[in-house]
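Visitor: Once you've had a glance at the structure underneath, I'll fire off some questions.
The values are calculated or read from the model by the stated rules, or taken from the named source; none is laboratory data. Just so it is clear, the model here is predicted, and its values are computed rather than measured. Don't worry about glycine lacking a Cβ; one is built from the backbone with ideal geometry, like all the others, and counts go over all protein chains shown.
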Amino acid sequence: MVPASYYLVLSTVLFGLGVIGFVLKRNIITIFMAIELMLNAVNLAFVTASRSLGQLQGQVFVFFVIVVAAAEAAVGLAIIILVARNRQTLNVEHLDLMKH
Amino acid sequence: MTAGLLFFFVLAGVAVTGAVALIVARHPIHSALALIVVMVALAGLYLLQGADFIAAVQIIVYGGAIMVLFVFVIMLLNAGVEERTNLSRMARYVGLPLAIFLLLELVYWVGRAPAAAAVASPGPVETRALAKMLFNEFVFPFELTSLLILIAILGALVLAKRES
């Protein structure tokens, strides 16, 4: 049997890689994908906790996280389309209208 | 090395490789495909832990709907321009090593935690038990998520409409 700590370590690594991607990338769609990666890492931690504690609430929560991520992706991508249409760029370095 | 352990390492390797590919790729479509690989690997890991329903939902909803949405938006916006990554000097010499060090430290502490490794899951979780819990204890959040999806649909429609 695979110990639960292995899964938690993998979840931490994936989350950390998501954070690194979120900070390093410049394309706004790629940044959004790094956020989805973080959400997936947290889902893995939830399922692991649900299994190791023997409770089902963890999996129910994963269900809700997936549903909310779907709704968030729909609205977020609509916003990205709007921003790209108005500013003609997907580079976050140029999306600085609120600066100064 | 049991079969379970071998499967875990293979799937974990694929997931981490996909995550690194997401960061390293220059074209956003390559990042999207790498994320799909990560999600399928995670679905395999859910299966390994006995969460059958969650694995199926992951592939159908995450891989089949959300990532397809991403790919469509990348196509629509013609995000074909490869971004040039010139990291600032601060990011390259201080930020990246510190981030990797933070990652390694977190991995060390999480791996050392006395997790309940002895609890072996008695096989796959019955979807019926999950559904019972979802519709009894969690019925209120469940109805709220249906409302949330409706609001998201309306929001996406209003936002993406062209002013005519």
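Visitor: Given (1) within 22 Å of A:Thr30 (Cα to Cα); (2) crowded, with 17+ Cβ neighbours inside 10 Å; (3) not hydrophobic (A, V, I, L, M, F, W, C), identify the lone condition not met by B:Gly13.
Guide: (2)
Visitor: Anything in region A:21-57 that is assigned to a helix (DSSP H, G or I) and of a type in the set (S, T, N, Q)? List them, or say none.
Guide: A:Thr30, A:Asn40, A:Asn43, A:Thr48, A:Ser50, A:Ser52, A:Gln57
Visitor: Further question on the same structure: Regarding B:Tyr62, is this residue in contact with a Leu (Cβ under 9 Å, 6 or more places away or on another chain), under 21 Å from A:Ile31 (Cβ atoms) and in a helix (DSSP H, G or I)?
Guide: yes
Visitor: Another question about this same structure. For region B:76-89, state whether one or more residues are among the aliphatic types (A, V, I, L, M), out of contact with any Pro (no Cβ under 8 Å at 6 or more places or on another chain) and more than 10 Å from every other protein chain (Cβ to nearest Cβ).
Guide: no
Visitor: Only one residue in B:Glu83, B:Glu137, B:Glu126 is modelled with pLDDT of 85 or more and acidic (Asp, Glu), so which one is that?
Guide: B:Glu137
Visitor: Being of a type in the set (A, V, I, L, M), at the interface with another protein chain (Cβ under 7 Å from one of its Cβ atoms) and within 14 Å of B:Leu35 (Cβ to Cβ) is true for just one of A:Leu17, A:Leu24, A:Leu82, A:Leu8. Which residue is that?
Guide: Of the residues listed, the single one that is of a type in the set (A, V, I, L, M), at the interface with another protein chain (Cβ under 7 Å from one of its Cβ atoms) and within 14 Å of B:Leu35 (Cβ to Cβ) is A:Leu17.
Visitor: If you scan region B:12-61, which residues turn out to be among the hydroxyl-bearing types (Ser, Thr, Tyr) and either in contact (Cβ under 8 Å) with a residue 40 or more places away in the chain or within 23 Å of A:Leu90 (Cβ to Cβ) (or both)?
Guide: B:Ser31, the sole residue that qualifies.
Visitor: Mind listing whichever residues of region A:50-79 are over 19 Å from the mean Cα position of the chain (by Cα) and more than 8 Å from chain B (Cβ to nearest Cβ)?
Guide: Correct list: A:Gln55 only.
Visitor: Output the residues belonging to region A:1-20 that are under 30 Å from A:Leu95 (Cα atoms) and surrounded by 24 or more Cβ atoms within 10 Å (Cβ to Cβ).
Guide: Listed by number, the residues that qualify are A:Leu14, A:Leu17, A:Gly18.
Visitor: Ok, one more. What do you reckon, is A:Ala41 more than 7 Å from chain B (Cβ to nearest Cβ), buried (at least 20 other Cβ atoms within 10 Å of the Cβ) and more than 18 Å from B:Tyr62 (Cβ to Cβ)?
Guide: Answer is no for this residue.
Visitor: Right, another one. Restricting to region B:132-164, and then to whatever is outside any helix (DSSP H, G or I) and among the basic types (Lys, Arg), can you tell me which residue is farthest from the chain's Cα centre (by Cα)?
Guide: Per the stated criteria, the residue is B:Arg162.
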